[in-house]
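Peer 1: Just dropping this structure here.
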Amino acid sequence: MSVQNHSPQQTGGPNLLNTEIIRNQAELFRGECMRLIQETGKACKRMNDDTIKQLDQRNRNIQFLKKELELKLEEIILELDALTTLQSRVVKALETCKEALRATVLCLEERMKCVPSDRLHDVVDRELLKEKEVIEGVASLLQRVVDQITEQIRLNRSAKYHLEQDLKEKFEAQCIDNSCALMTSHSIENPHQSKNTSTLLPSLTVTPKQWENTSDINIAKQTATDMQKQLQATTMAFQMNIQENKSLKSQMENQLAKVLSELAGQQKIREDLQVATTEAERFLSLAQTRLHLRHQRPAKEQCHDPAQSQLLSEVQQLTAQISRLRKAVAHSEEEQRAIVRCQLELQENIEIKANSLYIDEVVCTQHREPIIINNF
């Protein structure tokens, strides 16, 4: 029996060529897989390093923004404290203005109570009216400043709230980024699980509105100075008016003393005139009685002798003297009535001046004494 030679391909045994090809292909594939694994590892490491760098950079940015926001927040807090203090000062200044205005109006009303004859539109009235106008202007300005400060405080508080919210959000973002930076491929159980993340958008930094509108405050300070000057001017006008009224009152009192003295003199001279008239009338009656008795002499004895002539002359002269005395008494009564009128007029004017002095020196001074205008 002859043995036939067959090739592996012909006998159906292992195909070495195909096996070699497959083995080579597998080896090549394995090499490619190794390269892929190496490339993937390098890519993962590179991307992880880049991510960590970006996260670190983001953390530094957030840290910088946080510091900026903290500085802004500190400025806002300090500014709020300053505004609150300023608001308190301006409110107190406004209350002072209201008190000063009330005192000025009361002074004007009190001076209106003066007697009409003494109610003159004098320097004090003009200064009081000017003072009222100045105080009303300052009060209006201070009220506007209070309103502006209140609005600025509201805006600053709103800015403070937004700054605090922004800081809170940045702190949360920083914590999340720090956690992300600390993560490794081995720190998570399932690398295929991913949490929902959102791209961190740059936070809008809140810039607080600065309190720059200080012009009204400066104006308020200037008007406070103006009001102080006006109050001083009014006080000086009061003092001068009080001194003038005191001087006039003193002059009238001196004049009244002289008038009273003259009135007493007139009363005395009138009494003396009346006594002299009575005495002269007695002498006249005596002379007339003598003449009447001499008419009863015997007819041949009734001659116009020197005694008769003397008696007739005496009656004539006494009658003339009595007439003059009576005229003097009447004139004295007129003078006395005129002096009494002067007395009453002086007493009335003195009373009027005393009332005006009481209003200016006591009542108005008491109203104005509590007024203290400090710098706003």
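Peer 1: For segment 88-108, which residues satisfy the criterion of being surrounded by fewer than 18 Cβ atoms within 10 Å (Cβ to Cβ) and within 17 Å of Asp147 (Cα to Cα)?
Peer 2: Ser88, Arg89, Val91, Lys92, Glu95, Lys98
Peer 1: For segment 286-302, which residues satisfy the criterion of being out of contact with any Leu (no Cβ under 6 Å at 6 or more places or on another chain) and either within 30 Å of Ile339 (Cα to Cα) or surrounded by 13 or more Cβ atoms within 10 Å (Cβ to Cβ) (or both)?
Peer 2: Step one: of segment 286-302, the residues out of contact with any Leu (no Cβ under 6 Å at 6 or more places or on another chain) are 286, 288-289, 292-302.
Matches in segment 286-302: Leu286, Gln288, Arg294.
Peer 1: Taking only segment 147-168 into account, find how many residues are of a type in the set (D, E, K, R) and free of Cβ contacts under 8 Å to residues at least 24 places away in the same chain.
Peer 2: Of the residues in that region, 4 qualify.
Peer 1: In this structure, does Lys300 turn out to be out of contact with any helix residue (DSSP H, G or I) (no Cβ under 6 Å at 6 or more places or on another chain), of a type outside the set (Ser, Thr, Tyr) and at pLDDT 90 or above?
Peer 2: no
Peer 1: Turning to a different aspect of this structure: Only residues that are surrounded by 15 or more Cβ atoms within 10 Å (Cβ to Cβ), among the hydrophobic types (A, V, I, L, M, F, W, C) and modelled with pLDDT of 85 or more: list them for segment 303-327, please.
Peer 2: Val315, Leu318, Ile322, Leu325
Peer 1: Scan segment 54-71 and tell me whether some residue there is among the polar types (S, T, N, Q), assigned by TED's automatic domain parsing to the domain that holds Glu164 and surrounded by 14 or more Cβ atoms within 10 Å (Cβ to Cβ).
Peer 2: Kept after step one, since they are among the polar types (S, T, N, Q), are these residues of segment 54-71: 54, 57, 59, 61, 63.
If we keep only those that are assigned by TED's automatic domain parsing to the domain that holds Glu164 too, we end up with 54, 57, 59, 61, 63.
If we keep only those that are surrounded by 14 or more Cβ atoms within 10 Å (Cβ to Cβ) as well, we get 59, 61.
There is at least one residue in segment 54-71 that is among the polar types (S, T, N, Q), assigned by TED's automatic domain parsing to the domain that holds Glu164 and surrounded by 14 or more Cβ atoms within 10 Å (Cβ to Cβ).
Peer 1: Suppose we filter segment 69-115 for residues that are more than 30 Å from Asp125 (Cβ to Cβ) and of a type outside the set (Asp, Glu); how many remain?
Peer 2: Final tally of qualifying residues: 18.
Peer 1: Turning to a different aspect of this structure: Exactly one of (1) more than 17 Å from Cys107 (Cβ to Cβ); (2) surrounded by fewer than 20 Cβ atoms within 10 Å (Cβ to Cβ) is unmet by Arg126. Its number?
Peer 2: All conditions are met except number (1).
Peer 1: Applying the selection to segment 278-335, what residues are acidic (Asp, Glu) and over 30 Å from Glu262 (Cβ atoms)?
Peer 2: Filtering segment 278-335 for residues acidic (Asp, Glu) gives 279, 281, 301, 305, 314, 333-335.
Selection gives Glu301, Asp305, Glu314.
Peer 1: Across segment 235-264, which residue is farthest from Thr104 (Cα to Cα) among those that are in contact (Cβ under 8 Å) with a residue 12 or more places away in the chain and basic (Lys, Arg)?
Peer 2: The residue in question is Lys249.
Peer 1: How many residues does segment 273-285 hold that are surrounded by 14 or more Cβ atoms within 10 Å (Cβ to Cβ) and either in contact with a Gly (Cβ under 8 Å, 6 or more places away or on another chain) or not aromatic (Phe, Trp, Tyr) (or both)?
Peer 2: So the count comes out to 7.
The values are calculated or read from the model by the stated rules, or taken from the named source; none is laboratory data. For clarity, every value in this text was computed on a predicted model and none was experimentally measured. Note that we place each Cβ from the backbone using ideal geometry, even for glycine, and neighbour counts take in every protein chain shown.
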